[in-house]
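The values are calculated or read from the model by the stated rules, or taken from the named source; none is laboratory data. Computed from a prediction, not measured in an experiment: that's the story for all the values here. Ideal geometry is used to build each Cβ from the backbone, glycine not excepted, and the neighbour counts take in all protein chains shown.
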Amino acid sequence: MEDDFEKLANWLGPLIKSLEPKAQRQLSLSLARTMRDQNKDRIKRQVSPDGQSFEPKKRGPNGRLRRRNGIRSKIMFKKLRTAKYMKAEATAEGAVVRFAGRAARIANVHHHGLRERLGKNRTIYDFPERELLGFAKSDIAALERLILSHLDKL
């Protein structure tokens, strides 16, 4: 995967640097939005960037999933994948997709598989690693197409 990024940077770097700062920022923003949409779709499908399924939610002592508002919820990260929490930001130097606010802490725990206390004076739980943000091979091809189409417009 690192080689793909290096090839992409070596090939497209000089082309992008020849653009004006405003055009670079516009390109960066469209790249960030594309990556946010790609990652949002993967989170919706409960799949990590490398194609592995997320480890499912842990069931309670009675063998059932916890109910929220009367609906059994199997899908994780419903709100986390919304534009309110998953931010796409861009400058002339680069593009960033990140989680904002309290969602950033929750995403960090799940992304890295850390330990966290479940509420005040409650048990500590080891969360399984669920990679939320990342690049897949198809993402790199989509970014190449986006950059080339942006350069064709100029």
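A few comments on the model shown:
- In region 83-114, residue modelled with the lowest pLDDT [restricted to those that are farther than 30 Å from S18 by Cβ and touching a helix residue (DSSP H, G or I) at 6+ places or on another chain (Cβ under 8 Å)]: A83
- Looking only at region 99-154, residues that are touching a Leu at 6+ places or on another chain (Cβ under 8 Å), under 26 Å from L31 (Cβ atoms) and surrounded by fewer than 16 Cβ atoms within 10 Å (Cβ to Cβ) come to 5 in all.
- Close pairs from region 75-89: first surrounded by 14 or more Cβ atoms within 10 Å (Cβ to Cβ), partner acidic (D, E), Cβ under 9 Å, at least 6 apart: R81/D41; A88/D37
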